[in-house]
Amino acid sequence: MSDIAAHPEVIHAVDGHDDGHAGSHGTSTGLSNNKLAMWLFLGSECLLFGGLISTYMLYRGRNGTGPGPDALWDIPLTSISSFVLLMSSLTMVLAVSHAHQGNDRKTQIWLSVTALLGATFVGAQVYEFTSFYHEGLGYTTSLFSSSFYTLTGFHGVHVSVGIIMLMALVAMIGKDKIPGNKAESVELIGLYWHFVDVVWIVIFTLVYLIPA
Amino acid sequence: MTETAIEHTAHPADHDAHGAAGHDTGAHQHHPDLTYVKVAGVLAVLTALETATYWVDLGSFHTPFLLIMMVTKFVLVLLFFMHLKFDNKLFGVLFYMGLGLTLMVYLAVLFSYRFFTR
Amino acid sequence: MAIIERPSTTPAVAGSAPSFVGPADAYGAFRRPVTSRGWRSWVFTVDHKKLGIMYGVVAFCFFLVGGLEALLIRTQLAAPDNTVLSAGTYNQMFTMHATTMIFLFVMPMVSGFANYMVPLQIGARDVAFPRLNAFGFWCFLVGGIFLNTSWFLGGAADGGWFMYQPNASHLFSPSHGVDYWALGVQITGIASLTGAINLIVTIINMRAPGMTMWKMPIFTWMVLVVQFLLVFSLPVITVALFLLTFSRVFGGQFFNVQAGADPLLWQHLFWIFGHPEVYILILPSFGIVSEVLPVFSRKPLFGYKFVAFSGAAIGFVGFGVWAHHMFASGLGPLSVAVFSVGTMMIAIPTGVKIINWTLTMWGGKLRFTTAMLFAIGLVIEFTIGGLSGVTHAVSPSDTQQTDTYYIVAHFHYVLFGGAIFGLFAGFYYWWPKIFGKLLNERIGKWNFWLMVIGMNLTFGPMHMIGLQGQPRRMVVWPQNLTGDGLFNLGFWNKVATVGSYILGLGVLTFVWNVTRTHLLRKGEVAPLDPWDARTLEWMTSNPPKEHNFDAIPTVHEVDEFFHRKYEEVETDHGVRLVKTRSAEEILADQEAHADAHIHMPSPSYWPVVLAVGLVIVAYGVIYSVLLAVVGALITLGASFAWALEPSTADPSDFDPPAGTPGKELANV
């Protein structure tokens, strides 16, 4: 994502050379290239998670001799960690809001809080995986276990990548090293973060709450 | 190349920076942060209701209820936190294309296991 | 290399650009690779034209590799109970033939054309994300090399290009070949995904003023549709490939039938990607012939909007018909009926296109150049392939044809006679644009006729041997099962083999044509507008300047360039189109009104480093965790370096620093 975040147009805007003629300055739609790219990427990610969720839905009941979902789920714990991730979306959107107002300090604070909440979620997931493992659910135990770990693992990796980007963003804002539009960089990573949250909303309901 | 000189369309938080470029978003525009907090409050309540089904049995209404809650939360985050309600429609179009295809192809796959083979 | 508006003297200009970083506070640890000569100017380039050429050259090399594999397959099948290839090698050969032709030739060759032509056709100076573009190319290159190294490291993949499970599991395919395949296709998938996002944003957002969506050249339209197909189908194969890799490397159970796995899961995931993929391969060629036919018929494309719409319709419906690849899998009658009807519907927009092309030629002043011949070849050969395709849509008939040579005949007619003929039309049509030299037309005609005769001799008989029951992917055909009379399998297999050699000769003719034009320097220098073309890419020099256009044109018509050359004049015989301006005059006019400040993105190290990091991770997944960690660190480091790098190089990076101010701009 940070790969997409740096782009000529933005550079030119801050370059002091933006004389408004045609070329790579304006855009046909007046929309930002980066944001269009991010939304396309998220549209594409829908099909990635859709595939993983479908695999899980197909195999959720096929736990063979290994433990099944009903024996494993700790709904109170998962609810709390889901709630934490949901609230990180609030802190993220507040960071975006402050970034657009040009308030670096508050942007940094809210980004850090978001990263912290995200890390709490990942921590809870690691704890959950460990306890499942001790209850006899290895990666290769059953179709259910393989597809569960793959789905939630992919989501966890997405959250972790998000956390790395958030921390990098905090550091880069601090040293004023963002090449391009600062507020937009925050907004793009915000979109990614909300998307990861939205995916978890679906996973939480389909995987944990609806009985197999 | 430029038809509009605006670098990116405004969303509620943009209001101060872009002034006239903002869309008419009614009351949201004055206190976007407050709106966010309210939305988060609704999301928290919905999550609490969802979690409550763990202890309260709703019978055959159980799964539909959870699905409705899920979709509501999904849409709220998308519209407010991701600004699709205020932002340019094109962003939504790109995302909904992906979302729509996701629902179409994977539901077809899952249904083909459940019904079509029988 | 990229045209940078070089500051005349470093301090003064750095001072006048307040929010830009000064040399003292430059980002990153390295100077930017801004040289305009030598290998560095290619390896670190972000120029869409250089990347387009590199895509083309590398893809063509893979075409030769894939072709060689095909010839070996045909040689093995030339005689009964032949022993040229062992059964194991034969399996690897057809798997890699398909994989190479699809993922390493047609797709990247299309990327090459799209990269080169789309910005020119829409009047842009580069793509939206130049570094991402470079990253895509390097991912394709390292992915392709990675896939092919498996030949030397224990054997290539042998499960057929759709790698059905559990047939491609450890039990039945114990070498690392399938691992290489899964990871290699994954990496080239990253190339396609980043390329697709890049091109969509470019087309949506970087069109010249006045170029509305309905004024875009039809090739650009088809590229747009294809990139949407890629964006939404690649994630599905990504999931499938991850499941496959995790099954084989970490012991995931997804395809373990003993544990209760459903083998149809792989088939669904693969074909949800695989069917749109078919249109990903063919639609760009449809776009190319839709450019070539009007030019050489001297008429505008008949039903421009219909051609664009039908392309989009093919793309959309293409997402809903994947299960027609699975009619024989016991899907159940209802699914089969639904997908059968859906598949037949695709014939409608395809037919619309064929009719539009035919009516474009109808009554036109046809010029049978090589490009035109290939375009007409596509219309005919693709129609044959399309008709045999309709017979697969009828599921009872398809059940008879599944996994026979009849299928092989069908998809080679649409892919060779369709996709590849389209690409060759593109080669001959755009060669003078890209390289400034004309390919020889006489050799070109040899090239065309050898390929047409070769392909019909190779794939035509396969209809017969398929309906006679020869299974696809069979390593030998025994003498006592060949039958006799006209439908003698042995005879037609020999004909197909002879045909494939003629086809190979046709491809070599093309190689000779290129060699003669460039290496032997016998190529004719191309005039500015050799074909009397219609679209914007011809409105600049051959080859185009590094910044494409001196002045970005304002667009008023679908065939903008044509309308700048020709005017409607009232004569005694009614309204006639009369050429009022030459291409040279139009170019001179542009040069006279050149834009004063042109910013081009600067080259970067990080795309190639990032791609190399990824391929090291891939080797690591197969051989050692340590290697994977090293690769991951390189990837992470390159990502950060990339994120921190502004897209325009710092003045202090230039060497010598801004010696002759404005020189670069003056000589272009």
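Suppose the filter is away from chain C (no Cβ under 13 Å) and at pLDDT 95 or above; does A:I210 pass it? Give the steps one after another, and end with the answer.
Numbers: away from chain C (no Cβ under 13 Å): yes; at pLDDT 95 or above: no.
No.
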Meets criteria (of a type in the set (D, E, K, R) and in a helix (DSSP H, G or I)) for A:D176: no
Complete set of residues in region C:249-260 that are at the interface with chain A (Cβ under 7 Å from one of its Cβ atoms) and not in a loop (DSSP other than H, G, I, E, B): C:F250, C:A259
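Sort through A:L77, A:L85 and tell me the only one that's touching a helix residue (DSSP H, G or I) at 6+ places or on another chain (Cβ under 6 Å), in a helix (DSSP H, G or I) and either more than 8 Å from every other protein chain (Cβ to nearest Cβ) or modelled with pLDDT under 95 (or both). Walk me through it before giving the result.
Values: A:L77 fails: touching a helix residue (DSSP H, G or I) at 6+ places or on another chain (Cβ under 6 Å).
Only one candidate qualifies: A:L85.
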Sole exception among (1) away from chain A (no Cβ under 14 Å); (2) surrounded by fewer than 21 Cβ atoms within 10 Å (Cβ to Cβ) for C:P263, by number: (1)
Contacts under 8 angstrom Cβ, first residue in region A:33-47 being at the interface with chain B (Cβ under 7 Å from one of its Cβ atoms), partner acidic (D, E) and in a helix (DSSP H, G or I), 6 or more apart: A:K35/A:E184; A:K35/A:E187
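Yes or no, residue by residue, for (1) at pLDDT 90 or above; (2) not in a loop (DSSP other than H, G, I, E, B):
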| residue | (1), (2) |
| --- | --- |
| C:R473 | yes, no |
| C:G483 | no, no |
| C:A496 | yes, yes |
| C:L503 | yes, yes |
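Identify, please: which residue in region C:297-312 is part of a helix (DSSP H, G or I) and surrounded by 19 or more Cβ atoms within 10 Å (Cβ to Cβ) and is, among those, nearest to the chain's Cα centre (by Cα)? Full working, then the answer.
Initial filter on region C:297-312 (part of a helix (DSSP H, G or I)): C:297, C:304-312.
Subsequent filtering for residues that are surrounded by 19 or more Cβ atoms within 10 Å (Cβ to Cβ) retains C:297, C:304, C:307-308, C:310-311.
Details: C:S297: 26, C:Y304: 23, C:V307: 20, C:A308: 19, C:S310: 20, C:G311: 17 Å.
Here the residue is C:G311.
Each row is one residue, and each column tells you yes or no for (1) in contact with a His (Cβ under 9 Å, 6 or more places away or on another chain); (2) at pLDDT below 90; (3) aromatic (F, W, Y).
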position: B:A17; (1), (2), (3): yes, yes, no
position: B:D24; (1), (2), (3): no, yes, no
position: B:K38; (1), (2), (3): no, no, no
position: B:F91; (1), (2), (3): yes, no, yes
Residue count, region B:63-87 (criterion: facing another protein chain (nearest Cβ under 8 Å) and modelled with pLDDT under 90): 1
Qualifying residue in region C:316-330 (condition: within 14 Å of chain A (Cβ to nearest Cβ), over 19 Å from C:V352 (Cβ atoms), touching a helix residue (DSSP H, G or I) at 6+ places or on another chain (Cβ under 7 Å) and not β-branched (V, I, T)): yes
First in region C:383-397 and at pLDDT 90 or above, second anywhere and of a type in the set (D, E, K, R), Cβ under 8 Å, 6 or more apart: C:T391/C:D398; C:H392/C:D398
Residues that are buried (at least 19 other Cβ atoms within 10 Å of the Cβ) and aliphatic (A, V, I, L, M), drawn from region C:156-189: C:A156, C:A157, C:M163, C:A168, C:V178, C:A182, C:L183, C:V185, C:I187
Filter result (part of a helix (DSSP H, G or I) and more than 30 Å from A:S146 (Cβ to Cβ)) within region A:88-103: A:L90, A:T91, A:M92, A:V93, A:L94, A:A95, A:V96, A:S97, A:H98, A:A99, A:H100
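Within region B:54-91, how many residues turn out to be part of a loop (DSSP other than H, G, I, E, B), of a type in the set (A, V, I, L, M) and under 13 Å from the mean Cα position of the chain (by Cα)?
In the first step, residues of region B:54-91 are kept if they are part of a loop (DSSP other than H, G, I, E, B); the result is B:54-58, B:82-88.
Imposing the further condition that a residue be of a type in the set (A, V, I, L, M) reduces the set to B:56, B:58, B:82, B:84.
Then drop every residue that is not under 13 Å from the mean Cα position of the chain (by Cα), which leaves B:82, B:84.
Matching residues across region B:54-91 total 2.
I'm checking my understanding of the structure. Among residues of region C:538-574 that are assigned to a loop (DSSP other than H, G, I, E, B) and among the hydroxyl-bearing types (S, T, Y), which one is least open to solvent (accessible area, probe 1.4 Å)?
First pass over region C:538-574, keeping only residues assigned to a loop (DSSP other than H, G, I, E, B): C:540-544, C:546-547, C:549-559, C:572-573.
The next check asks that each one be among the hydroxyl-bearing types (S, T, Y); those that pass are C:540-541, C:554.
Details: C:T540: 1, C:S541: 24, C:T554: 63 Å².
Here the residue is C:T540.
The values are calculated or read from the model by the stated rules, or taken from the named source; none is laboratory data. Small disclaimer: the values here were computed from a predicted structure and weren't measured. In this analysis, Cβ positions are derived from the backbone assuming ideal geometry, glycine residues included, and neighbour counts consider all displayed protein chains. Protein only, heavy atoms only, side chains kept; ligands, DNA and RNA dropped before computing areas. Shrake-Rupley method; radii C 1.70, N 1.55, O 1.52, S 1.80 Å.
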